[in-house]
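Report on the following structure.
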Amino acid sequence: MTTIASDLVLSAVVLLCRIGSCLMLMPGFSSRRVPVTVRLFLAIAVTLALLPILADRIEPGLSGAPRATLFVILGSEVAIGALIGLLGRVFFAALETFGSVIAMAIGLASPLGGPTDEHEPQPSITSLVVLAATALFFVAELHWEVLRGLSASYTAFPVTRKFDAQFGLVEIADGLALAFRLALRISSPFILYALIVNLAVGLAGRLVPQIPIYFVTVPAVLLGGLLLLYVACTPYLERFTNGFAAWLSTG
């Protein structure tokens, strides 16, 4: 009985290493607006909920293992969980980057507002877009996909398999390419808008130098950008959420 109990506790600790490191970086769960105590209890609750399901996959790789091997397994579990969480965070980092591009394109790069997940101030448009995407992450129940992915990760990365740094770097590179391609695709109307507007303003400044271009065009550019944001905001967030959900389902 003592051996069974100790193996179960050790399995829970190993499971907590992967789940805790993943939730520490996964968007929504890792927000600085969520108290650290809440995040800790959430990780423990998820661990206890998944332990009956995953115990059979974890215990065989731990039974009879020497202490040095156990420390290697714990470090590998932390690295695997951090990799999963980092890949999810890359999508929101790409969205945040192109949110700043949108803010500059429509002339609202300043003043800076309060950040959603980061510590540095961001343009108000960026904060609005990231906050809306984070809310949709939970409204669309994608957080359940994160837990499903964590459960399925023990099939792809069993406890006995050590963390492969080269594989992790390849996954991060592929995730960066996918996330920034998605963010660039959905932000392309604003980039095209900025190119057209700047070209028109430059031509107007050359053809009619007597007109105070700056004072005339800034309100017009801002109005056009806000109208474009009003029209494109819903499909913008829908496409991002669908792309992120597709990665969670297949990644």
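The values are calculated or read from the model by the stated rules, or taken from the named source; none is laboratory data. This structure is a prediction, so every number in the text was calculated from the model and none was measured. Here the Cβ is made from the backbone with ideal geometry for all residues, glycine too, and neighbour counts use every protein chain on show.
What is the one condition in (1) more than 30 Å from THR69 (Cα to Cα); (2) not in a helix (DSSP H, G or I) that PHE138 does not satisfy? That leaves (2) as the condition not met.
Within region 234-251, the residues that satisfy the criterion of being in contact (Cβ under 8 Å) with a residue 60 or more places away in the chain and under 16 Å from PHE98 (Cα atoms) are TYR236, LEU237, PHE240, THR241, GLY243, PHE244.
Within the span defined as region 212-233, one or more residues are under 21 Å from the mean Cα position of the chain (by Cα), within 18 Å of VAL130 (Cβ to Cβ) and either modelled with pLDDT of 85 or more or outside any helix (DSSP H, G or I) (or both).
Residues of region 28-51 that are surrounded by 15 or more Cβ atoms within 10 Å (Cβ to Cβ) and under 19 Å from ALA152 (Cβ atoms): PHE29, ALA43, VAL46, THR47, LEU50, LEU51. For ILE125, state whether it is buried (at least 17 other Cβ atoms within 10 Å of the Cβ) and farther than 16 Å from LEU248 by Cα. Criteria met by ILE125.
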